[in-house]
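**Q** My questions all concern the structure below.
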Ligand code: HDE
């Protein structure tokens, strides 16, 4: 498939070479292309949206296209007005009785401005409050056509989509890189109505029954007395719950693995979690699980990076997604399905398909690709789109049906209910981002925030006054063969007695966690041990720590022993037999090689050493579809009188966590603003051969985080001063910058220099 970055590379290089690149910006962001930002001059209409902000065409609730409607109300005309379109001459002063006198209640503009402001916020989502989203397109391969009649999954079908990624626990303003599950929710605007695939980046869930959702969320959210900690699972109530309620063990384990701290939304898998039921054109059914596979591979941060980014750039994932799309490096995923025969037992090789704490290993049921998702446009307005989008697992199209997973059942209730509070009433489907791209004729009327002007007198059935309209779809004779949604496959329900119980097949909470542990590479196991040790170590209650170890003992004695050692506690014995289980190699993130599209290479310079070499490196990074980040002692331009090189980061604004690998030219002396460098003269090597402390920090961190490091033009001195052994794996020094780049690129395709991490397990 074609590399999306390469297509736009020339444009990006031009941007970088042009004069428009602002200091501190990343290459690829508009600058040269957007009109110069002028000081205010004369009235003109509002700026049009940026090219990548075009949202898919929306359809009004009455079915009329709104796209080309010039009378659409938001932002028109060059002059400031009230909400009623009355032109204003001043918006900086309240109306007062005299210059120093009291403010007058009759000032309509003041009252309207403040009142509207007072109501700008809506309740944040009760979970998944913090998110980032993008528009895109889904292209179907047609390979699912033999198992589902869903029109958007037929050959060559193209469907506009809106995807929102999120963290679960934090509030709207929390940090992106916290250890947490990530939401991965996709709205397909199909010709048959909306289909929402509301998934996560982790394929299992904490609970098997929706009735436990308030419990797990109350336990995981901040403590109710002090409202701390924010966006963290490393606290007593979370661990209290997940260790008492052992069906949470597998999900918790995914959270503690590297999956809990993704490198980027672009490098995450997505999972529908539940088993769904697909229906074909003849009414035959197949059970299926949905998977999103990122084209760039699944990659994670290391824990220290995640913590540093939480402070240096809390918007890291949001920025990464928006920047990539703006630069034309469109993120892509393949949608795949695992399929299983729809037998009355609803199990596959002994795995209960209705238990959302189970996966079906890919080795047993391969993920079959059915289409490709490309995110190609940023939202134009965060609130209107990302905040107001409303997903619902019950938004289904013909050919996709639900199963009796008790977790899914509760979700089908919850998502509609929650929008009524969050979006202020039952008419949220009329908000542009939520509008179907299929005709809507629903007989739902009135209510808060009704914006449709419905006509006619007969929103009821049966009627004769409207000629019997609207009509219901034909069922096509036998169940499953009509063209309507909610096919309701004729599933037989065995004779049963009402009971508040779970089947015994839901009772094994440790076999799949053990499979996960056995499937990880040594370095991933090391990370898992470190995460458990950190999180349990942050708990205050001894009983919680000890119970945590008892759960781990039932997964694997080695895992338990390592965490116990870190906590300074004895390792308990297992209380259930440890069963033999085959590993699932697909669960490991380490070992393969992946495309480098959009990877960021830091290029550190003292501002004068081998600038020709620097330019060559920068261009070579682009040619490889990656992004160079030129880091110099101060902002501005290098070689301003020659062939200027724009500086993206100064030593003061750069931090290693922004890039995937680093190249250093020479050994940059302390810049004047470096701590403790007041005596050093700018641009001159420190009298003692010293190197700027911020460069040393960058190199030491990059080394610690397993990043490839290359140097040229005397960089050995900098590496040595930073404590980076020049003969360590993934550290190279070369004659030229290009050689150094070439040698580290191979390392990058593996994401990190894995050999650098110590491994005890
Ligand atoms: Fe959600 N979940 N959830 N959830 N969920 C919400 O809906 C809920 C579950 C997921 O970007 C809420 O509109 C219950 C599993 C995502 O807007 C709420 C249960 C999975 C998003 C809700 C679950 C998810 C939500 C809050 C247990 C993965 C964000 C705001 C039965 C398959 C969607 C909202 C977005 C959001 C309820 C479990 C994914 C309260 C009751 C399992 C990605 O309705």
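**Q** Which condition does residue 148 not pass, out of (1) more than 16 Å from the ligand (Cβ to nearest atom); (2) surrounded by fewer than 20 Cβ atoms within 10 Å (Cβ to Cβ); (3) in contact (Cβ under 8 Å) with a residue 24 or more places away in the chain, if it passes all the others?
**A** Here residue 148 clears every test but (2).
**Q** Look at the range 566-591 and say how many of its residues are more than 22 Å from the chain's Cα centre (by Cα) and either closer than 25 Å to residue 745 by Cα or in contact (Cβ under 8 Å) with a residue 24 or more places away in the chain (or both).
**A** Total meeting the criteria: 14.
Okay, residues lined up against (1) touching a residue at least 60 places away in the same chain (Cβ under 8 Å); (2) within 21 Å of residue 505 (Cβ to Cβ); (3) away from the ligand (no atom under 16 Å from the Cβ):
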| position | (1), (2), (3) |
| --- | --- |
| 298 | yes, no, yes |
| 319 | no, no, yes |
| 357 | yes, yes, no |
| 360 | yes, yes, no |
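**Q** Quick one: in the range 199-228, which of the residues that are in contact (Cβ under 8 Å) with a residue 60 or more places away in the chain and out of contact with any helix residue (DSSP H, G or I) (no Cβ under 7 Å at 6 or more places or on another chain) is nearest to residue 183 (Cα to Cα)?
**A** Of everything passing the filter in the range 199-228, 200 is nearest to residue 183 (Cα to Cα).
**Q** In the set 454, 437, 484, which member is part of a loop (DSSP other than H, G, I, E, B), closer than 25 Å to residue 383 by Cβ and away from the ligand (no atom under 16 Å from the Cβ)?
**A** On the way: 454 fails: closer than 25 Å to residue 383 by Cβ; 484 fails: closer than 25 Å to residue 383 by Cβ.
Exactly one residue qualifies, and that residue is 437.
**Q** Could I ask something else about it? Within the range 151-170, how many residues are within 13 Å of the ligand (Cβ to nearest atom) and in contact with a helix residue (DSSP H, G or I) (Cβ under 7 Å, 6 or more places away or on another chain)?
**A** So the answer is 4.
**Q** So, one more: Any residue at all in the range 364-378 that's part of a loop (DSSP other than H, G, I, E, B) and under 30 Å from residue 120 (Cβ atoms)?
**A** There is at least one residue in the range 364-378 that is part of a loop (DSSP other than H, G, I, E, B) and under 30 Å from residue 120 (Cβ atoms).
**Q** In a helix (DSSP H, G or I), surrounded by 15 or more Cβ atoms within 10 Å (Cβ to Cβ) and touching a helix residue (DSSP H, G or I) at 6+ places or on another chain (Cβ under 9 Å): which single residue out of 394, 410 fits that description? I'd like the intermediate steps shown before the answer.
**A** Working: 394 fails: in a helix (DSSP H, G or I).
The match here is 410.
**Q** With respect to the numbered conditions (1) assigned to a helix (DSSP H, G or I); (2) within 16 Å of the ligand (Cβ to nearest atom), which one is the sole condition not fulfilled by residue 266?
**A** (2)
**Q** Step by step: first the residues of the range 188-225, then only those that are in a strand (DSSP E or B) and closer than 22 Å to residue 262 by Cα, then the one that is farthest from the ligand (Cβ to nearest atom). Which residue is that?
**A** Of the residues in the range 188-225, the ones in a strand (DSSP E or B) are 188-190, 193-200.
Filter once more, keeping what is closer than 22 Å to residue 262 by Cα: 197-200.
Values: 197: 9, 198: 5, 199: 5, 200: 4 Å.
Only one residue fits best here, namely 197.
**Q** Among the residues in the range 390-406, are any within 15 Å of the ligand (Cβ to nearest atom) and either over 27 Å from residue 293 (Cβ atoms) or modelled with pLDDT under 95 (or both)?
**A** Going residue by residue through the range 390-406, those that are within 15 Å of the ligand (Cβ to nearest atom) are 390-396, 400, 402-406.
Then drop every residue that is not either over 27 Å from residue 293 (Cβ atoms) or modelled with pLDDT under 95 (or both), which leaves 404, 406.
So far as the range 390-406 goes, yes, one or more of its residues are within 15 Å of the ligand (Cβ to nearest atom) and either over 27 Å from residue 293 (Cβ atoms) or modelled with pLDDT under 95 (or both).
The values are calculated or read from the model by the stated rules, or taken from the named source; none is laboratory data. As the structure is a computational prediction, the values presented were derived from the model and not from experiment. Positions of Cβ are generated from backbone atoms using ideal geometry, with glycine treated the same way; all protein chains shown enter the neighbour counts.
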